[in-house]
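The values are calculated or read from the model by the stated rules, or taken from the named source; none is laboratory data. Note that this is a predicted model, so its numbers are computed, not measured. So basically every Cβ, Gly included, is an ideal-geometry build from the backbone, and we count neighbours across all protein chains shown.
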Amino acid sequence: MPAGEPEAAVDSTERRPIGAAAGWLRREADVSRAALRAASRRTVAVDASLSALTAVLGLLPLLLVHPQHPVVAVLEALWAALLVAVRRGRPVAAVLGAAPLVMGGNVWTLPVIALVVLSATRRIAPPRRAWRVVGAACAVLGALTVAVGLFRWEHLPMDLADNAISAALLLLLPALSGTLLGRRRPLTGLLRERNAYLEQTRTLTAEAARLEERTRIAGEMHDLLGHRLSLISVHAGALELAAARQAPPLVGQAELLRTTAGTAMEELREILGVLRRAEPADAMDPTDGNGNQGTSERGTREDITALVTQSRQAGGGPVELDWSVPDTAEVGARARQAIHRVVREGLTNVLRHASGAPTRVEVRSTGAGIEVGVTNGPPREAGRSQGGTHSGLAGLHERVSLLGGTFGAGPLPDGGFRVAARLPTDAIRSVSGPLAKTSAGPLPPPRGAHAPLSTEVLTWPRVLGAGCASVLVVLPTAGFLVVVLLAALR
């Protein structure tokens with residue numbers, strides 16, 4: 001056997017513990033970095049601030065009250081600041097690391113010991129494990145006391161008694177308070193889960209009730225309006241054929257009546273489809289059940305031009321269209337639907353209350369969104385209009401408000417009337433593209449139903465009990481710290 005082999009074996013044996021320790025330190029550093037990245041900025045900022053405050057409060061008094069061992073006192077203050085920083089991610093290590101500070105000479109770190117133990121034991125589950133960790137910390141404190149007492153046997157009994165009292169006040173009582181608060185955490189989580197379940201159940205129940213009511217309304221509209229509109233469409237077709245033979249000048253009016261009745265039937269089918277769907281977002285689907293084009297073409301330049309043309313044919317007087325929205329602009333389906341409704345309602349009001357008055361339709365793009373307006377002059381025959389119920393304007397106001405826009409309608413000083421709406425950019429781009437759909441948000445609570453109780457209200461009795469018990473437990477600790485700190489200042 002070569003002479004160098006035993007030495008090499010000895011060197012490899014000595015390097016194994018060093019390599020294992022280095023590997024453990026690297027793993028701990030990687031875990032700590034990962035936990036730091038996963039933590040929120042607020043948590044990191046709070047822990048950093050508390051650590052800095054602990055270091056300051058532990059070092060500044062040393063300038064006024066000079067300890068016997070300044071270097072040790074400074075190291076104790078820095079160690080306490082480190083324990084504050086690791087109490088969340090390493091609660092067991094924080095409790096064990098607080099034991100040496102109990103017998104330290106820097107009394108300004110004693111409050112930190114109690115707070116670190118209380119905060120750390122809250123995060124150790126189950127409580128039996130927390131008490132085992134606290135017991136290990138007391139054992140470490142006892143071993144350190146005995147080790148230091150070997151050099152001065154005459155003071156060992158007194159040191160053991162003092163450290164036993166300190167352990168009871170700084171380790172055991174804060175640990176009891178922390179475990180009391182820690183038992184509240186599973187209860188809070190359970191009640192929070194129950195509250196979320198009840199809220200979800202309430203939302204689903206309200207949604208089912210709404211869907212049932214909407215289905216009933218759809219059935220009533222189909223049975224009543226559908227039959228009447230079908231009759232109007234049939235008779236309008238017969239009237240068009242008769243006018244073509246007997247009164248050719250009236251063919252255009254008869255054709256407009258027939259096409260209007262057909263359009264009303266199509267819109268009624270769309271409304272019935274919307275009412276029967278569970279999600280309002282489905283109403284933005286550009287195709288109906290048969291694959292035909294639906295509401296996606298509403299609010300385009302061609303659609304508004306067709307509305308203006310129909311208004312002229314119906315005897316609405318001169319109607320001008322001012323369209324300044326670029327063709328490349330992305331306008332969502334809901335915004336286009338709102339544009340169509342505003343223009344159609346405005347032109348309809350002109351035909352009813354100011355027939356023959358000059359009208360101007362404006363659809364223009366601004367930096368903040370799209371502005372839509374229908375302005376008519378004074379009616380040719382004064383006193384013809386009897387006023388209306390304003391239900392159409394109220395519906396427009398609600399539709400525009402849901403998109404986050406503004407709506408206004410009112411008379412003008414010259415006797416005319418103006419209907420205007422402004423749609424913000426967010427509403428315009430919220431649903432872009434022919435196949436885009438909106439996501440339904442949380443449903444508001446139904447009328448007459450109370451919102452579910454908050455988690456704080458549900459857990460208040462248990463929180464109050466745990467809080468009072470924990471406060472009563474740490475009262476002796478607080479008194480002890482006050483006495484010690486006042487004695488150190490003298």
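Quick look at the numbers
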{"read-out": "Test result for LEU173, assigned by TED's automatic domain parsing to the domain that holds PRO100, of a type outside the set (Phe, Trp, Tyr) and either surrounded by fewer than 21 Cβ atoms within 10 Å (Cβ to Cβ) or part of a helix (DSSP H, G or I) (or both)", "value": "yes"}
{"read-out": "Selection from region 351-381 of residues that are modelled with pLDDT under 85 and among the acidic types (Asp, Glu)", "value": "GLU381"}
{"read-out": "ALA114 free of Cβ contacts under 8 Å to residues at least 60 places away in the same chain, assigned by TED's automatic domain parsing to the domain that holds GLY178, within 20 Å of LEU171 (Cα to Cα) and part of a helix (DSSP H, G or I)", "value": "no"}
{"read-out": "Per-region count, region 75-119, residues basic (Lys, Arg) and surrounded by fewer than 24 Cβ atoms within 10 Å (Cβ to Cβ)", "value": "2"}
{"read-out": "Subset of region 301-344 (residues that are within 22 Å of PRO358 (Cβ to Cβ), without any contact (Cβ under 8 Å) to a residue 12 or more places away in the chain and not hydroxyl-bearing (Ser, Thr, Tyr))", "value": "ALA306, ARG312"}
{"read-out": "Restricting region 162-218 to residues that are closer than 30 Å to VAL483 by Cβ and small (Gly, Ala, Ser), the residue that is modelled with the lowest pLDDT", "value": "GLY182"}
{"read-out": "Near pairs, Cβ below 6 angstrom, 6+ apart or cross-chain, from region 185-200 (in a helix (DSSP H, G or I)) to any residue that is of a type in the set (Lys, Arg)", "value": "LEU187/ARG462"}
{"read-out": "Qualifying residue in region 146-155 (condition: exposed (fewer than 15 other Cβ atoms within 10 Å of the Cβ), modelled with pLDDT of 85 or more, part of a helix (DSSP H, G or I) and assigned by TED's automatic domain parsing to the domain that holds THR477)", "value": "yes"}
{"read-out": "Unique residue being within 30 Å of LEU180 (Cβ to Cβ) and modelled with pLDDT under 55 when the list is LEU485, LEU458, LEU472", "value": "LEU458"}
{"read-out": "Members of region 161-170 found to be surrounded by 14 or more Cβ atoms within 10 Å (Cβ to Cβ) and free of Cβ contacts under 8 Å to residues at least 24 places away in the same chain, listed by number", "value": "ASP162, ALA164, ALA168"}
{"read-out": "Residues that are assigned to a loop (DSSP other than H, G, I, E, B) and aliphatic (A, V, I, L, M), drawn from region 75-111", "value": "MET103"}
{"read-out": "Within region 292-328, considering residues that are among the small types (Gly, Ala, Ser) and touching a strand residue (DSSP E or B) at 6+ places or on another chain (Cβ under 6 Å), the one modelled with the highest pLDDT", "value": "SER324"}
{"read-out": "Test result for ARG216, of a type in the set (Lys, Arg) and either under 30 Å from THR121 (Cβ atoms) or touching a strand residue (DSSP E or B) at 6+ places or on another chain (Cβ under 9 Å) (or both)", "value": "no"}
{"read-out": "Test: residue in region 248-259 that is closer than 22 Å to GLU345 by Cβ, among the hydroxyl-bearing types (Ser, Thr, Tyr) and surrounded by 14 or more Cβ atoms within 10 Å (Cβ to Cβ)", "value": "yes"}
